[in-house]
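The values are calculated or read from the model by the stated rules, or taken from the named source; none is laboratory data. Keep in mind it's a predicted model, so treat the numbers as computed, not measured. Here the Cβ positions follow ideal geometry from the backbone for every residue, glycine too, while neighbour counts run over all protein chains shown.
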Amino acid sequence: MNWTKLLFFIFLAVVLVAALIFYRWVFIYLIAAMIFSYILDPAVSFLERRRIPRWLGVIMIYLSVAGLIAWFSSRYIPDLIQQGNNLFTLLSDPEHLTGQAILNLPFIRGIYQFLINMDQQIPGIDAAPQFALMMDKAKDFLAELPKYLMDNYQTIIGALSFIGMIPLISFFLLKDKHKMRKSIMGLSSNRYFELSLKILTRIDNTVGTFLRAMLFEVIAVSIMASIALSIVGVSNPILIGITAGVANIIPYFGPFMGGALAALTMLFSGGPFIGVIYAAFAMYLVQVIDNNIVYPVVVGTTINMHPLLVLLTVLAGGWYGGILWMLISVPMVYIVYSLVSVLYTNLKEYRII
Amino acid sequence: MNDLIRLFKSIFQQRKSYLQHRRFSIFKNLNDFELSLLDNVMHRREFKAGEVLFETGYPIEVVFFIEKGEVLLTGSLHDETGSIVCKNQHLGLIDAYYGGKRNRTATAKTDVSAFALAVTDLEELIQSRPRTGNKILEAICKSFSQYIIETAAATRS
């Protein structure tokens, strides 16, 4: 390599690093916009194949999505707010939810009584006081939740502006998809062109399919859970259904969280103990349908990570950043895992490694 | 006035560069719109004389359509001198439907300009627009038939 070429590449590297530093704050916007674009791209491509230019297709899809959101908001948001308020009141009302009041709930009282008996028979365990303490802490956390939301309104407004920016960036990503793809491929040398194109296509397909499948599963589980919970008479079924749908992203723990929320709501709203069992059974039924029909059809063989790796990822995500990281860690690790797997297979096929 | 109209037309009229793909036999029956869809997934590549386009045994991902220049094909399917593929011809279509590996090595004999089309993109186009797919597959069949007859004739002579 001659000096001019070397100098040029050094200059290029410096520009790249400077650009990375300058644009570091917008990466998160870009990633979110990419996810949004991946979800909408099949619809835009569908319209494109029917002679509708991509820019117009994107606008049409945006309008449709906005219409859908508006309809959903007018139809369900008042209900959801009402259900949210009910749930907060139920969970944070000091009259209903002192540590002692929780212990007086029939089902909890049963457990508490059992632990007291156990303490009497096996001295030194002190399980009952520990349980009472745990209930107290749970009460404190739930009581603080509305206050937390009020105190962090600035963060909430920031999040809303973030949400507002995403469609704007996505518009350009969707409209100029082919140009961008060509530009990226234009950067590769002839020697690595086929390999680069193959890797880009595989990653594009894998990530796109995975994200769309995940979204579809969330929607399917939310709808099924809402219907099932309203049938068994759990209060606030839509809110709990949506929460269960989103929580379902977390493998192993997610379905349990949804079920637990449904059962607890039934319990706290003073329903009979059999109602708790019905709620848990309804959520179990949703999981059976999801695991045996929705998941195989929608996700299929898209995700082929080893279950142990998935479990460890969820645990690590939970330890690292709580529920939010539990939610995003599996998709994130899956994408990195696919990247490495596609790279490894293809570099080997092309005899580069 | 006419000049003014022509000027405006030149500003606002889109360049229909995608029509150039009609020169390739397997796309010659596609209409303008179908060619524009095809153009979305065509990548232009330039090769210098002596540069290798692909080697025997490599997995096949793209089919090359030669825009200008000549490419030398060598390998077990050819005699020692190899065979030449030139302007408006394509490379790799047979390999794409036979084992997914390259059966020959292609080297640019002169400076070559070519369009690369990923097999997966071609398949997606065929599947997503069956009518377009029909036209393409029919043209591919014709191209293969022609190749078989020409090869048989060459073997007999």
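Within region A:320-333, how many residues turn out to be under 19 Å from A:P255 (Cα atoms) and out of contact with any Pro (no Cβ under 9 Å at 6 or more places or on another chain)?
Our first condition is that a residue be under 19 Å from A:P255 (Cα atoms); within region A:320-333, this holds for A:322-331.
Pick out the ones that are also out of contact with any Pro (no Cβ under 9 Å at 6 or more places or on another chain) and you get A:322-329, A:331.
Qualifying residue count, region A:320-333: 9.
Answer yes if at least one residue in region A:289-299 is acidic (D, E) and buried (at least 19 other Cβ atoms within 10 Å of the Cβ), and no otherwise.
Yes, there is a match, as at least one residue in region A:289-299 is acidic (D, E) and buried (at least 19 other Cβ atoms within 10 Å of the Cβ).
Within the group A:L211, A:L229, which residue is in contact with a Phe, Trp or Tyr (Cβ under 8 Å, 6 or more places away or on another chain) and in a helix (DSSP H, G or I)?
Within the list A:L211, A:L229, the selection yields A:L211.
Do we find a residue being β-branched (V, I, T), loosely packed, with under 14 Cβ neighbours inside 10 Å and over 30 Å from A:R351 (Cβ atoms) anywhere in region A:184-201?
no
For region B:21-41, how many residues meet the condition of being more than 14 Å from every other protein chain (Cβ to nearest Cβ) and assigned to a helix (DSSP H, G or I)? Break it down stepwise before answering.
Here is the first cut: in region B:21-41, the residues more than 14 Å from every other protein chain (Cβ to nearest Cβ) are B:21-29.
Restricting the remaining residues to those that are assigned to a helix (DSSP H, G or I) gives B:21-23, B:25-27.
The total comes to 6.
If a residue must be more than 14 Å from chain A (Cβ to nearest Cβ), more than 19 Å from B:L72 (Cβ to Cβ) and free of Cβ contacts under 8 Å to residues at least 24 places away in the same chain, how many such residues does region B:132-150 contain?
7
Which pairs have Cβ atoms under 8 Å, sit 6 or more apart or on different chains, and link a residue in region B:108-131 that is within 10 Å of chain A (Cβ to nearest Cβ) to one that is in a helix (DSSP H, G or I) and small (G, A, S)?
That search, which allows pairs on different chains as well, returns B:V119/B:A96; B:L125/B:G133; B:S128/A:S45.
Listed residues A:L264, A:L311, A:L315; which is out of contact with any helix residue (DSSP H, G or I) (no Cβ under 6 Å at 6 or more places or on another chain), away from chain B (no Cβ under 14 Å) and in contact (Cβ under 8 Å) with a residue 60 or more places away in the chain?
It is A:L311.
On the basis of being touching a strand residue (DSSP E or B) at 6+ places or on another chain (Cβ under 6 Å) and either closer than 19 Å to B:V62 by Cβ or hydrophobic (A, V, I, L, M, F, W, C) (or both), does B:V119 make the cut? Let's see the steps before the verdict.
Details: touching a strand residue (DSSP E or B) at 6+ places or on another chain (Cβ under 6 Å): no; either closer than 19 Å to B:V62 by Cβ or hydrophobic (A, V, I, L, M, F, W, C) (or both): yes.
In short, no.
Within region A:194-223, work out how many residues are under 17 Å from the mean Cα position of the chain (by Cα) and either closer than 25 Å to A:V336 by Cβ or not small (G, A, S) (or both).
Going through region A:194-223 one residue at a time, the tally reaches 15.
Read through the list (1) in contact (Cβ under 8 Å) with a residue 24 or more places away in the chain; (2) within 12 Å of chain A (Cβ to nearest Cβ); (3) in contact with a helix residue (DSSP H, G or I) (Cβ under 8 Å, 6 or more places away or on another chain); (4) within 23 Å of B:L37 (Cα to Cα), then give the number of the only condition that B:K101 fails.
Status for B:K101: all satisfied but (4).
With the requirement that a residue be over 15 Å from the mean Cα position of the chain (by Cα) and hydrophobic (A, V, I, L, M, F, W, C), what does region B:126-149 give you?
Once the filter is applied, which keeps residues that are over 15 Å from the mean Cα position of the chain (by Cα) and hydrophobic (A, V, I, L, M, F, W, C), region B:126-149 yields B:I126, B:I148, B:I149.
Just to verify a result, which residue in region A:31-56, among those that are small (G, A, S) and over 17 Å from B:V41 (Cα atoms), is farthest from the other protein chains (Cβ to nearest Cβ)?
Looking at residues that are small (G, A, S) and over 17 Å from B:V41 (Cα atoms), I get A:A32.
So, in region A:2-57, of the ones that are within 26 Å of the chain's Cα centre (by Cα) and charged (D, E, K, R), which residue ends up surrounded by the most Cβ atoms within 10 Å (Cβ to Cβ)?
In this case the residue turns out to be A:D41.
Within region B:42-72, can you find the residues that are under 17 Å from the mean Cα position of the chain (by Cα), more than 9 Å from every other protein chain (Cβ to nearest Cβ) and surrounded by fewer than 19 Cβ atoms within 10 Å (Cβ to Cβ)?
Correct list: B:E67, B:K68, B:E70.
Which residues, taken from region B:16-34, are closer than 14 Å to B:G133 by Cα and crowded, with 20+ Cβ neighbours inside 10 Å?
B:I26, B:F27, B:L30, B:E34
So B:V85 passes all but one of these: (1) of a type in the set (A, V, I, L, M, F, W, C); (2) within 14 Å of chain A (Cβ to nearest Cβ); (3) over 20 Å from A:D204 (Cβ atoms). Which condition number does it fail?
Against the list (1) of a type in the set (A, V, I, L, M, F, W, C); (2) within 14 Å of chain A (Cβ to nearest Cβ); (3) over 20 Å from A:D204 (Cβ atoms), B:V85 comes up short only on (2).
What's the number of the only condition in (1) basic (K, R); (2) surrounded by 12 or more Cβ atoms within 10 Å (Cβ to Cβ); (3) under 24 Å from the mean Cα position of the chain (by Cα) that A:R75 fails to meet?
Answer for A:R75: the failing condition is (2).
What number of residues within region A:233-258 satisfy the criterion of being part of a helix (DSSP H, G or I) and buried (at least 22 other Cβ atoms within 10 Å of the Cβ)?
Final tally of qualifying residues: 9.
Go through (1) surrounded by 14 or more Cβ atoms within 10 Å (Cβ to Cβ); (2) within 14 Å of another protein chain (Cβ to nearest Cβ); (3) at pLDDT 80 or above one by one and return the number of the condition A:K348 breaks.
(1)
So that you can scan it fast, the table gives a plain yes or no per residue for (1) surrounded by fewer than 21 Cβ atoms within 10 Å (Cβ to Cβ); (2) at pLDDT below 90; (3) among the aromatic types (F, W, Y):
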residue	(1), (2), (3)
B:C86	yes, yes, no
B:G92	no, yes, no
B:G99	yes, yes, no
B:R102	no, yes, no
B:A108	no, no, no
B:A116	no, no, no
B:L125	yes, no, no
B:R131	yes, no, no
